[in-house]
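First the structure, in the form of structure tokens, and then the observations on it.
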Amino acid sequence: MTSTVSASVPRPRARGSSLGKLLADDKLATIALFLPPALLLYTLFVILPIGEAGFYSAFSWNGFGSPTNWVGLDNYRYVFENRAFGLALRNNVLIIVVSLLIQLPLALALAIALSERFRGAVALRMLFFLPYVLAEIATGLIFSFVYDGNYGLLASIWRLFGAEAPHLLASPQTSMLAILIVIVWKYFGFHMMLYIAALQGIDRSLIEAARIDGASRFELLRYVVIPLLSPTIRLSVFFSVVGSLQLFDLIMPLTRGGPADSSNTIVSFLYNFGVMRMRVGFGSAVGVILFCICVTFAFTYKRWMMRDD
Amino acid sequence: MTSPSRTRRRFDPAPLYKALFLTLVAAFVTVPLITTVLGGFKSLGELRTNPFGLPQSWEWENYWGILASKRYWMLLRNSLIIASLSTFLTLAVAAMAGFVFAHLKFFGSRMLGEYLTLGLLFPAATAILPLFIKVRDLGLLDTYFGVVLPQVAFSLAMSILLFRRFFKDLPPELLEAALIDGCSYIDYFRHMTLPLSRPILATVGTIAFVHSWNAYLVPLVMLNSDALYPWPLGIMVYQGEYSAEWNLILAFITLTILPTIVLFLLAQKHIVAGLTAGAVKG
């Protein structure tokens with residue numbers, strides 16, 4: 001065994017005294033060389049900024065010079081009093097609800113349909129996964145064409161029936177609906193792939209046994225397949241929620257959060273009200289609130305829903 | 001449900017429903033994509049009257065005009081540079097750290113490991129303003145590295161996790177034997193771990209590349225000059241300039257998502273594995 005390894009490993013250098021000490025030094029050298037780049041980058045660009053967000057959020061500051069105008073918790077008060085922030089929160093909740101009630105069942109149904117072997121099943125899987133690979137910006141632009149009141153696809157379908165086309169994205173009542181459809185279009189394939197991977201890991205004999213025992217299709221799904229998939233379903237719920245909390249790229253090409261702030265998410269609210277106006281304190285407060293939502297959700301969900309995984 | 005034919009072979013409608021269902025979803029996915037590609041070949045007037053069908057006259061100049069422009073190639077070049085740098089740095093930095101966490105126990109290694117996984121819990125958007133100020137104070141605003149370094153930093157947590165698990169699953173006898181033979185950890189990493197780690201390098205590399213190629217928020221905040229814009233920023237500018245000329249915008253969209261689609265067709269296995277890997281086992 002040793003000989004096979006040393007064949008592909010550089011010849012050991014002749015080393016004198018205590019092997020243990022040398023190994024310890026080697027260990028130390030490796031740690032000292034391999035760890036700092038990751039730790040430095042991570043601390044500098046991930047941990048410090050989120051700490052600084054907490055610090056800046058107590059100031060009214062436009063980003064120039066150093067923050068001196070201490071305002072305590074006022075920024076948080078302004079955020080919560082802002083009508084647009086309330087709407088953004090509502091929209092994030094809406095996205096989560098649609099993800100859970102429409103996107104996940106759709107993904108599951110497709111996964112079940114496509115996990116059987118038939119001609120074209122693999123091609124369809126790839127086709128349904130494709131939207132997930134496309135950039136959010138490209139997706140958003142494609143759908144802003146689809147929804148366009150003059151040239152768009154929807155408009156021409158409407159005209160076929162002789163009706164005047166609605167400008168879905170231009171009305172506060174429908175802008176969010178239009179975005180939700182795009183979200184389903186873009187992300188269902190990802191969840192479908194998760195389910196397909198999980199279905200392939202399921203022991204087929206369990207399903208066969210239930211079938212022989214006379215289980216109907218629905219019973220098979222309800223009492224065998226879904227329970228077996230439940231770790232994956234919980235994971236996919238987790239990803240839906242986390243993904244919806246950071247949704248931004250898709251909003252910009254479609255509506256930029258408008259009209260009348262009807263389609264902001266928390267992140268696009270942060271961008272429109274914090275970054276665009278260089279209100280560092282205010283934007284940081286939004287960031288801190290989002291951070292708290294993400295962390296609280298991750299911890300409670302892991303504790304309550306994924307403890308047996 | 002099918003009472004008349006009960007005595008004979010029952011007609012089972014399920015496959016029919018399934019086919020219908022799959023066709024509907026396939027149409028839902030493909031119609032926007034196909035009309036985008038075809039729309040690029042139409043004149044503006046035809047786009048309005050005939051949005052679905054094949055173009056009556058193929059207007060190649062929409063596409064040629066863009067392909068002949070410096071702008072398109074500059075956007076792709078910028079994206080390629082940024083995504084390649086991000087991918088390379090992520091692989092190098094995360095593989096080294098993952099190696100340490102997989103094989104070396106030291107005082108505080110557990111704590112450091114947990115410190116690094118904190119990054120999984122929140123997106124870059126939460127700290128985008130302080131991140132902007134940090135990059136500005138470092139003098140990296142409006143440079144490739146101002147985009148690359150934050151992207152790498154935010155992909156580290158997941159990448160290190162994936163590397164550590166893969167390295168741990170390699171047969172431990174290899175390391176023991178190499179150490180007994182006097183091989184150093186660093187040599188072992190270079191000559192044994194890396195050559196054995198192609199699958200995980202491909203997986204992590206794919207995630208890093210696709211995320212960076214598609215990224216919008218970080219470049220939007222960090223870059224000011226058009227000359228450095230990656231394509232998602234450039235296409236938004238383009239759309240702003242040609243706001244009503246949808247045929248040109250559609251051609252531009254088609255040409256910018258073309259590299260992604262080609263890459264996807266060539267490397268679908270790696271891409272699917274990569275983009276779902278973090279999820280399935282994370």
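The values are calculated or read from the model by the stated rules, or taken from the named source; none is laboratory data. Everything quoted here is computed from the prediction, not taken from an experiment. Ideal geometry is used to build each Cβ from the backbone, glycine not excepted, and the neighbour counts take in all protein chains shown.
Odds and ends about this structure:
- Of all residues making up the stretch A:183-210, the number that are modelled with pLDDT of 85 or more and of a type in the set (Lys, Arg): 1
- Residues of the stretch B:161-187 that turn out to be at the interface with another protein chain (Cβ under 7 Å from one of its Cβ atoms), in a helix (DSSP H, G or I) and surrounded by 21 or more Cβ atoms within 10 Å (Cβ to Cβ), as a count: 2
- Selected residue [touching a residue at least 12 places away in the same chain (Cβ under 8 Å) and at the interface with chain A (Cβ under 10 Å from one of its Cβ atoms)] from B:Thr49, B:Thr30, B:Thr36: B:Thr36
Each row is one residue, and each column tells you yes or no for (1) touching a strand residue (DSSP E or B) at 6+ places or on another chain (Cβ under 9 Å); (2) within 13 Å of chain B (Cβ to nearest Cβ); (3) touching a residue at least 24 places away in the same chain (Cβ under 8 Å).
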{"position": "A:Phe128", "(1), (2), (3)": "no, yes, yes"}
{"position": "A:Arg159", "(1), (2), (3)": "no, yes, no"}
{"position": "A:Pro172", "(1), (2), (3)": "no, no, yes"}
{"position": "A:Ala178", "(1), (2), (3)": "no, yes, yes"}
{"position": "A:Val182", "(1), (2), (3)": "no, yes, yes"}
{"position": "A:Trp185", "(1), (2), (3)": "no, yes, yes"}
{"position": "A:His191", "(1), (2), (3)": "no, yes, yes"}
{"position": "A:Leu194", "(1), (2), (3)": "no, yes, yes"}
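- Flag for B:Asn224 being under 12 Å from the mean Cα position of the chain (by Cα), in the same structural domain as B:Ala157 (by TED's automatic domain parsing) and either at pLDDT 90 or above or within 27 Å of B:Thr49 (Cβ to Cβ) (or both): no
- Where A:Arg90 falls short, out of the listed (1) in a loop (DSSP other than H, G, I, E, B); (2) modelled with pLDDT of 95 or more: (1)
- For the condition modelled with pLDDT under 95 and more than 11 Å from chain A (Cβ to nearest Cβ), B:Thr276 does not qualify.
- Residue within the stretch A:164-175 that is of a type in the set (Asp, Glu) and at pLDDT 85 or above present: no
- Cβ-Cβ under 7 Å pairs, at least 6 apart or on other chains, the stretch B:231-247 side of a type in the set (Asp, Glu), far side modelled with pLDDT under 90 and part of a helix (DSSP H, G or I): B:Glu245/B:Leu44
- B:Ile81 under 25 Å from the mean Cα position of the chain (by Cα), more than 14 Å from chain A (Cβ to nearest Cβ), over 30 Å from A:Val146 (Cβ atoms) and part of a helix (DSSP H, G or I): yes
- Of the helices (runs of 4 or more DSSP H) lying entirely inside the stretch A:110-165, those carrying at least 1 residues that are within 19 Å of B:Gln239 (Cβ to Cβ) are A:136-146, A:153-160.
- Looking across B:Phe122, B:Phe145, B:Phe101, B:Phe132, one residue alone is surrounded by 14 or more Cβ atoms within 10 Å (Cβ to Cβ), among the aromatic types (Phe, Trp, Tyr), within 8 Å of chain A (Cβ to nearest Cβ) and not in a loop (DSSP other than H, G, I, E, B). It is B:Phe132.
- Out of B:Arg77, B:Arg71, sole residue that is modelled with pLDDT of 95 or more and of a type in the set (Lys, Arg): B:Arg77
- Verdict on A:Ser60 being surrounded by 13 or more Cβ atoms within 10 Å (Cβ to Cβ), more than 29 Å from A:Pro253 (Cα to Cα) and not hydrophobic (A, V, I, L, M, F, W, C): yes
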